[in-house]
Amino acid sequence: MYKKNDGVWIPVDAFKLGLNANQTLMLYKIYMLDGDKGCFATNNYFADFFKISTRQVSSTISSLVKKGFIKQSYEYKDGTKSIKYRILRPYRRSLQHPHEEVVSTPTKNSSTINKEVNKDINKKHLSVFDEWYSLYNKKTTKKGAIIQWLKIDPEIYPVIISHTKRFVVAKPDKIYRPDPVRYLKNEVYNDEIIEKEKSKEEIELINIERNDRARKKRDAQFRADSIKASEECEDFIPDLNAMREDLKKKVA
C-alpha cells in the first residue's frame, strides 16, 4: 500500500528557489515529515531513502540551514552534552519568504508520517539490537535494554558490538556481567576491559592442549600416508607375480 513517506511531492515553483536537485528533494522531504514538533528523521534514514551517503545528507542539510530554508536544533541527554536527537524545522512554506518561521498549522497527517518514519527507523535499530543482545548472551532486562538502545546514537552501535565481543570473553561467567540494561545505561562499552592475567598453571595447560592437538594432527597424517603407501604396495605385488611367471616360462 502506498504511504506518503514513500516519496517526495515537489511543486513547480520549487525550481525557482535556486537550489540544486539534492537540496530541493531534501527540503521538500523535510516539509513532508514536519510534524507538530518537527522532523526527527536521522541522516541514516535520509541516506537510505535517497540512496546517498550520510556525508552527502549532512552537507545538503547544512547548505539548507545556511540558505535559510530550514533550522536545525538538538535535544540533549539530561545533564550531558551528548545529543539525544536532532530536530529539523522548515521555514514558512511560502516560497517567496523562506526566512520566515512556520506559523501555520502543520499539514494533515504530518504527525502520522513522522510516526511511520520513526517506526521504520526503530525497526532497523532493533535488528542491530537483536544482534547485540544475542552476542551479550545474558537473557535479562530485555525491555529496559531496548529502551536504552533506542536512546543511543546509531553511530556508536559498532563500538558497542566490538566492545561486547571482547567483554564476554573477559567475563565468560554471566553472573559477573551486568544486566544488559545496566551495560547500556552506564555506558560500560566505553570502559577499559581488564583481562585477568593467566597463572603459570593455566599457561602450562594451554601449551599441553596445543601440543596434544598438534600430535593428533601428525598422527592422523601419518596414518593417512601409511594407508596410501600400503595401497601402492598392494598394486605393485601383482606386477611382481606376473614377472615371476614370465621368467618361469622362459626358463622352461
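The values are calculated or read from the model by the stated rules, or taken from the named source; none is laboratory data. Computed from a prediction, not measured in an experiment: that's the story for all the values here. Quick reminder, even Gly has a Cβ in these numbers, built from the backbone with ideal geometry, and neighbours come from all protein chains shown.
Please find, within the stretch 68-93, the residue that is farthest from Trp149 (Cα to Cα) out of those that are part of a loop (DSSP other than H, G, I, E, B) and touching a residue at least 60 places away in the same chain (Cβ under 8 Å). This residue is Arg93.
Does the stretch 59-67 contain any residue that is part of a loop (DSSP other than H, G, I, E, B), in the same structural domain as Lys84 (by TED's automatic domain parsing), of a type outside the set (A, V, I, L, M) and closer than 27 Å to Asp153 by Cβ? Please lay out each step first, then the result.
Initial filter on the stretch 59-67 (part of a loop (DSSP other than H, G, I, E, B)): 67.
Applying the additional criterion that residues be in the same structural domain as Lys84 (by TED's automatic domain parsing) yields 67.
Filter again for of a type outside the set (A, V, I, L, M), leaving 67.
Still in the running and closer than 27 Å to Asp153 by Cβ: 67.
Scanning the stretch 59-67, I find at least one residue that is part of a loop (DSSP other than H, G, I, E, B), in the same structural domain as Lys84 (by TED's automatic domain parsing), of a type outside the set (A, V, I, L, M) and closer than 27 Å to Asp153 by Cβ, so the answer is yes.
Applying a threshold of 7 Å to beta carbon distances and a minimum spacing of six or more residues, or different chains, the list of pairs starting in the stretch 16-32 at a residue that is under 12 Å from Gln56 (Cβ atoms) and assigned by TED's automatic domain parsing to the domain that holds Gly68 and ending at one that is in a loop (DSSP other than H, G, I, E, B) and modelled with pLDDT under 85 reads Leu25/Val8.
Scanning the stretch 47-72 for residues that are modelled with pLDDT of 90 or more and in contact with a Phe, Trp or Tyr (Cβ under 7 Å, 6 or more places away or on another chain) turns up just one, Val57.
Take Lys51 and decide whether it is under 19 Å from Leu150 (Cα atoms) and among the basic types (Lys, Arg). No.
Condition test on Asp13, is it in the same structural domain as Tyr76 (by TED's automatic domain parsing), modelled with pLDDT under 85 and closer than 14 Å to Arg86 by Cβ? Quick ask: steps written out before the conclusion?
Details: in the same structural domain as Tyr76 (by TED's automatic domain parsing): yes; modelled with pLDDT under 85: yes; closer than 14 Å to Arg86 by Cβ: no.
Here the answer is no, as Asp13 does not meet what is asked.
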